[in-house]
1. Given the criteria touching a residue at least 60 places away in the same chain (Cβ under 8 Å) and open to solvent by 30 Å² or more (accessible area, probe 1.4 Å), does Leu313 qualify?
2. Going through segment 131-176 one residue at a time, which ones are β-branched (Val, Ile, Thr), within 24 Å of Ala323 (Cα to Cα) and under 14 Å from the mean Cα position of the chain (by Cα)?
3. Just to be sure, is Val227 farther than 17 Å from Asp83 by Cα, without any contact (Cβ under 8 Å) to a residue 40 or more places away in the chain and either part of a loop (DSSP other than H, G, I, E, B) or open to solvent by 10 Å² or more (accessible area, probe 1.4 Å) (or both)?
4. Against the conditions (1) modelled with pLDDT of 95 or more; (2) of a type in the set (Gly, Ala, Ser); (3) farther than 21 Å from Val152 by Cα, where does Ser74 fall short? Just the number, please.
5. Out of Asp225, Asp213, Asp220, Asp271, which single residue is acidic (Asp, Glu) and touching a Phe, Trp or Tyr at 6+ places or on another chain (Cβ under 7 Å)?
6. Specify the residue that is surrounded by the fewest Cβ atoms within 10 Å (Cβ to Cβ); the eligible residues are those in segment 249-274 that are of a type in the set (Gly, Ala, Ser) and touching a Ser or Thr at 6+ places or on another chain (Cβ under 9 Å).
7. Considering only segment 92-151, state which residues are of a type in the set (Gly, Ala, Ser) and more than 24 Å from Gln224 (Cβ to Cβ).
Amino acid sequence: MSPGTAAAAYKTLRAQGVVSTDRRRGTRVLPRPSHREFTDTPAPPGALDLQIADPDPALLPDLKKIFGTIRPKSDRYGGSHVDADLAGRMRANFEADGIDGSHLVVLSGAIAAIYRALRACAAPGDKIAVEDPGFNEHHASVRAHGMIPVPVALDDEGMLPQSLASALRGGARAVVLAPRFQSPSGAALTRSRAAALRAVLAEHPEVALLLDDYGSFLADAPYQDCVGKGRVRFLVVRSFNKTIAPDLRVAVAAADAETCDRLRREQWLSDGWVSGYLQRAAAAALASRSVQATLGKARKTYSARRVALLDALADRGIAAQGATGLNVWIPVAGEADVVRGLLERGFCVRAGARYRLRSAPAIRVTITELETERAVELAQALQAVLGERPTGRGP
């Protein structure tokens, strides 16, 4: 076989995400995107289900009046497909945090934005820096494109600069992170950590930075900028789904001109656009005093529930993370044993395996419907489980 034929074959395989070539380090066959689905254990009667980070229905805004006031006229095929009111309000929302809102795209959710931005900014076989532990859908999106997730360690203040620097030196072409409300650990960038990450990223101006700020409307921590000025490829997405209504299916992303254009073109060829009715409902929710009041109540309630669990765990000497967000991340020796032990005591929680790449075992507890008085019961149950003779078995 001629060298030219071999080179062409490698190029084709690389483009299809079958192999990854790394100069003199050789070529390796990439794993196929995982079809494994982590299934949650159905909560038995009487058990409290703390597995899925669904918002508390009692803390969601009542959208009946919102839908009653929106204009019923349908958009047309030749329209812009971006509601002017929503665009104006979200542009102001982004720019209040120092984010360039010149180019906006409306998508059905934050996951969709990150998934499509990855395809717009990277290629099969590329390395992508991701949080570890990190959102499982981010990891899955990377793998679905035939890309390679590179784990970056984090603490309560977000990605560790030295770990991110290592990933970038290793050839990562893009970075995916949550600036606050991080799942599963609740990490949130502080001003000093964001500055440190900007310094690391400044050494790699060609790297795309994709920020999933899905919980911005509920966040009790301010947005801290790690993008900096002059980054060629970036995206910041904010969603209405977790905060206003899971079935609203509206998110708005601010991005550079090239990324925004690629996302719009792909959207047109797949699902066209996000319904104008839903966009107008999202804009009306931003303008509604009653909706904003409900969000304020939800923000305080979720924070109180999270802190109640963290305090109850700390009182029993159990380490946990949860600086912000809807979850608490608790390191354990054997995930399966702890999940089973808590289930026997009336609490359904998630094993952390789906969120981890190299990080240590843990469980994720969602606090959205964990009343403060039950937080003590959960902490007591966990203390009892951890006090039993461990088997050390993982997921």
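The values are calculated or read from the model by the stated rules, or taken from the named source; none is laboratory data. Computed from a prediction, not measured in an experiment: that's the story for all the values here. Because the Cβ atoms are built from the backbone with ideal geometry, glycine has one as well, and the counts that use them run over all protein chains shown. Ligands, DNA and RNA are stripped out before the accessible areas are found, and what is left, the full protein with its side chains, is counted by its heavy atoms. Shrake-Rupley method; radii C 1.70, N 1.55, O 1.52, S 1.80 Å.
1. no
2. Listed by number, the residues that qualify are Val175, Val176.
3. No, not satisfied.
4. Against the list (1) modelled with pLDDT of 95 or more; (2) of a type in the set (Gly, Ala, Ser); (3) farther than 21 Å from Val152 by Cα, Ser74 comes up short only on (1).
5. After applying the criteria, what remains is Asp213.
6. Selected residue: Ala257.
7. Selection gives Ser108, Ala112, Ala120, Ala122, Ala123, Gly125, Ala140, Ala144, Gly146.
One line per residue, one yes/no per condition, for (1) part of a strand (DSSP E or B); (2) under 30 Å from Pro72 (Cβ atoms); (3) modelled with pLDDT under 95:
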position: Ala283; (1), (2), (3): no, yes, yes
position: Thr301; (1), (2), (3): no, no, no
position: Arg305; (1), (2), (3): no, no, no
position: Leu310; (1), (2), (3): no, no, no
position: Leu313; (1), (2), (3): no, no, no
position: Ile318; (1), (2), (3): no, no, no
position: Ala336; (1), (2), (3): no, no, yes
position: Leu378; (1), (2), (3): no, no, no
position: Leu382; (1), (2), (3): no, no, no
